[in-house]
Amino acid sequence: MDPQHINDYDQQIHEAAECLKENQAVAFPTETVYGLGANALNDEAVQHIFAAKGRPADNPLIVHVADKMHIEDVVTHIPDIAHKLIDAFMPGPLTLILESNGACASNVTAGLSSVGVRIPDHPVARALLQACRLPLAAPSANRSGRPSPTSADHVYKDLNGRVAGIVDGGQTGVGVESTVVDCTGDRPVILRPGGITKEDLESVVGPTDFDAALLNQKEKPKSPGMKYTHYAPEAPLWLVEGDLEFLQSQIDQLRENDKRVGVIISEEHVDQIEADEVQVCGSREQLSEVAVHLYSALRAFSTDTIDVILCESFPEYGMGYAVMNRLKKASTSVITQDK
Ligand code: TXA
Ligand code: MG
């Protein structure tokens, strides 16, 4: 079956569920980003995901299930802290790392004794999980290294011809991936910041740590995927830490050297910057809005028209923390203004 966009949801979900039951890989929307799903219980099905994405085999996948009961199908037990987090935030943009009971195919967990599980909060994802009655392993539906897809069109551009189908559910809501929280120790540890903030987690379970690798780049991340290059746009991305005058001076210098410069900037600052192409990513006052637009802004620049992309920095709290985590990973350099 060729990748297709069918408008009738029931028919689309039915066809996608049939493909999944036949152990093929199908892309579908979640509330965070599009996922590339396959039967998490079958090794061969999961292998289609790795092949389509070009994903390194040592990077484990998140298992998506319809409800709390089905989390129990793939883990040894649910610790107290995890119960609280599930009840507070699931369905929603949160992934918990729990002890695996070995039910999932071994390539899902990449040989780890733990498994990442989440209950997506998107009507299409939920309908699909119910229709296929399978736990679905699903990483973001991009080619490895590219920005995650927030529309079916992004998925089509990356995976056309490499997957059995794409269920088109329009733009996703949150825009960055789920927060990954390790619940295998005494205290919850955030391995990847995302749609649920540290502040949100702490309001339910108290003190929560960041994985040391998020605070210090020299540390080895506990989440295997965090060590890879990620979210890279076509042209090199420079993250600029400084005021608008500094940003403009960097743009001007590049343009004097015949570079065509693209800029990603908040709506508050767009009128104060002059460049070859500009992508507005929402308001600095609403960092969740910046998250929604981030990946489509990164994907909007083509090397046909742009040589370098400069992006302003955002405050590192709330959703700004996830936004800056993605921008640091996507960037080839960080340019800091001398104070
Ligand atoms: O929002 C999301 O989480 C999206 C949607 C599609 O659900 N999925 C997603 O999956 O972002 P992916 O594969 O792109 O990222 C999964 C992250 C990786 O960093 C991976 O290393 C980590 O979760 N992970 C998965 N299982 C793990 C485990 N057992 N221990 C530690 N990290 C794990
Ligand atoms: Mg990904």
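The values are calculated or read from the model by the stated rules, or taken from the named source; none is laboratory data. These numbers come from a predicted model, not from an experiment. Glycine gets a Cβ as well: all are built from the backbone with ideal geometry, and neighbour counts include every protein chain shown. Ligands, DNA and RNA are stripped out before the accessible areas are found, and what is left, the full protein with its side chains, is counted by its heavy atoms. Shrake-Rupley method; radii C 1.70, N 1.55, O 1.52, S 1.80 Å.
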Qualifying residues in the stretch 232-279 (those that are part of a strand (DSSP E or B) and free of Cβ contacts under 8 Å to residues at least 24 places away in the same chain) - the one surrounded by the most Cβ atoms within 10 Å (Cβ to Cβ):
Gln279
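Does Val115 fit the bill of being over 19 Å from the mean Cα position of the chain (by Cα) and either assigned by TED's automatic domain parsing to the domain that holds Val176 or within 16 Å of ligand 2 (Cβ to nearest atom) (or both)?
Working: over 19 Å from the mean Cα position of the chain (by Cα): no; either assigned by TED's automatic domain parsing to the domain that holds Val176 or within 16 Å of ligand 2 (Cβ to nearest atom) (or both): yes.
Judged against the criteria, Val115 is not a match.
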Flag if Arg133 is among the basic types (Lys, Arg) and more than 14 Å from ligand 1 (Cβ to nearest atom):
yes
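Yes/no matrix, rows are residues, columns are (1) open to solvent by less than 20 Å² (accessible area, probe 1.4 Å); (2) over 21 Å from Thr150 (Cα atoms):
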position	(1), (2)
Ser288	no, no
Ser296	no, no
Arg299	no, no
Asp304	no, yes
Val308	yes, yes
Lys328	no, no
Ser333	no, yes
Asp338	no, yes
Would you list the helices (runs of 4 or more DSSP H) that sit entirely within the stretch 137-231 and hold 3 or more residues that are at pLDDT below 95?
212-215
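Please go through the stretch 310-326 and pick out each residue that is among the charged types (D, E, K, R) and open to solvent by 40 Å² or more (accessible area, probe 1.4 Å). If you could, list the steps in order and put the result at the bottom.
Of all residues in the stretch 310-326, those among the charged types (D, E, K, R) come to 312, 316, 326.
Of everything in the stretch 310-326, just one residue is among the charged types (D, E, K, R) and open to solvent by 40 Å² or more (accessible area, probe 1.4 Å), namely Glu316.
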Taking the options Asp43, Asp87, name whichever one is in the same structural domain as Pro147 (by TED's automatic domain parsing), more than 27 Å from Val189 (Cα to Cα) and surrounded by fewer than 21 Cβ atoms within 10 Å (Cβ to Cβ).
Asp43
One residue is enough: does the stretch 111-128 have a residue meeting the conditions surrounded by fewer than 23 Cβ atoms within 10 Å (Cβ to Cβ), within 10 Å of ligand 1 (Cβ to nearest atom) and not in a loop (DSSP other than H, G, I, E, B)?
yes
In the stretch 189-222, how many are closer than 30 Å to Gly262 by Cβ and either open to solvent by less than 70 Å² (accessible area, probe 1.4 Å) or in contact with a strand residue (DSSP E or B) (Cβ under 6 Å, 6 or more places away or on another chain) (or both)?
8
Take the stretch 280-324 and flag every residue that is in a loop (DSSP other than H, G, I, E, B) and among the aliphatic types (A, V, I, L, M).
Ile306
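Just to be sure before I move on: is Ile62 more than 21 Å from the chain's Cα centre (by Cα), buried (at least 17 other Cβ atoms within 10 Å of the Cβ) and either among the basic types (Lys, Arg) or assigned by TED's automatic domain parsing to the domain that holds Tyr156 (or both) in the structure I sent?
Numbers: more than 21 Å from the chain's Cα centre (by Cα): no; buried (at least 17 other Cβ atoms within 10 Å of the Cβ): yes; either among the basic types (Lys, Arg) or assigned by TED's automatic domain parsing to the domain that holds Tyr156 (or both): yes.
Criteria not met by Ile62.
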